[in-house]
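The values are calculated or read from the model by the stated rules, or taken from the named source; none is laboratory data. Values in this document were obtained by computation on a predicted structure and should not be read as measured data. Cβ atoms come from the backbone with ideal geometry, glycine included; neighbour counts cover every protein chain shown. Each accessible area value is taken on the protein alone, full model and side chains, heavy atoms only, with ligands, DNA and RNA left out. Shrake-Rupley method; radii C 1.70, N 1.55, O 1.52, S 1.80 Å.
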Amino acid sequence: MEAAITILALLFVAFIALGVYATVKAVGAAKRGVDRTITQARRTVEDTTLRAKSFGQTGVAGELAQLRLALRTLMRATQDALHAGVAEDSSLSESVGLFRRLSAHGLELDEELKRLEREPDRATVAGLLPQLRERTQRITHSADSLRWAARDRARQFADDDLDALNAQIDIEAGALRHWTVEEQQPAPGAASQGPGSGAARGRDAGVDWPEPAAGSGNSSTADESWGGPAREEAPQAITAPDPHLRTKYPWQKSARPETTN
């Protein structure tokens with residue numbers, strides 16, 4: 001009985017701890033979501049203000065607003081491109097590390113430009129503008145290089161994958177149209193009827209052509225007509241071969257009986 005009570009107490013404590021942990025996690029996630037929303041809203045308001053200043057004001061204030069707006073826009077675009085690309089291509093992790101180092105310089109410059117917007121000594125700020133403009137261009141140029149390199153890499157991978165896919169589709173299309181390949185290839189029986197073709201068919205069919213009769217004077221001519229070398233005439237046999245012992249073939253005509261008058 002006491003063991004059962006102890007187990008129930010432990011389960012109750014475990015459920016309480018799990019509930020507290022889930023509550024803390026939920027509160028933390030909600031707090032991060034609220035902070036993210038506030039940061040996004042503040043960033044949008046600040047960008048809108050800078051855009052209005054860059055178009056509505058002239059002189060030092062307007063140029064400072066233009067520098068800040070260009071810096072923030074390009075840095076944000078590069079950050080979004082790299083974070084989106086590193087999820088699919090892990091080799092961009094080094095580029096992300098370089099961008100973090102570049103972002104430190106960009107944030108420092110943005111804070112300096114923000115302080116100079118409230119500086120009452122406009123003459124001193126005007127003297128610092130060429131240096132600030134050069135720093136902004138160096139940072140934005142590096143950010144552009146990273147962003148376009150990541151985009152070119154992703155596009156090259158897409159082109160390579162598309163080329164491989166096109167090659168596979170061409171192979172599959174050719175396999176599906178196999179009858180066109182068979183039509184282009186000559187049939188086995190459509191070989192040229194040149195010299196030696198009849199003898200080749202005879203050999204392929206397993207038929208031995210009958211030798212010409214001994215003593216025939218056309219043996220040499222028959223050999224030459226099939227493209228083979230002329231054979232020497234064999235010596236005539238003492239006794240003539242018995243015609244009844246010769247092999248009969250279906251295509252040979254039977255000897256016609258002599259007619260008697």
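No other residue among R72, R76 is open to solvent by 60 Å² or more (accessible area, probe 1.4 Å) and of a type in the set (K, R) apart from R76. Pairing residues of segment 121-143 that are within 13 Å of H105 (Cα to Cα) and among the charged types (D, E, K, R) with residues that are in a helix (DSSP H, G or I) and open to solvent by less than 70 Å² (accessible area, probe 1.4 Å), at Cβ distances under 7 Å and at least 6 apart in sequence or on separate chains, gives R135/L109. Among the residues that make up segment 79-87, is at least one of them free of Cβ contacts under 8 Å to residues at least 60 places away in the same chain and open to solvent by less than 30 Å² (accessible area, probe 1.4 Å)? No. Is it true that G206 is out of contact with any helix residue (DSSP H, G or I) (no Cβ under 9 Å at 6 or more places or on another chain) and modelled with pLDDT under 90? Yes: the conditions hold for G206. In segment 88-116, of all residues being within 30 Å of the chain's Cα centre (by Cα) and open to solvent by 50 Å² or more (accessible area, probe 1.4 Å), the one that is nearest to T136 (Cα to Cα) corresponds to L98.
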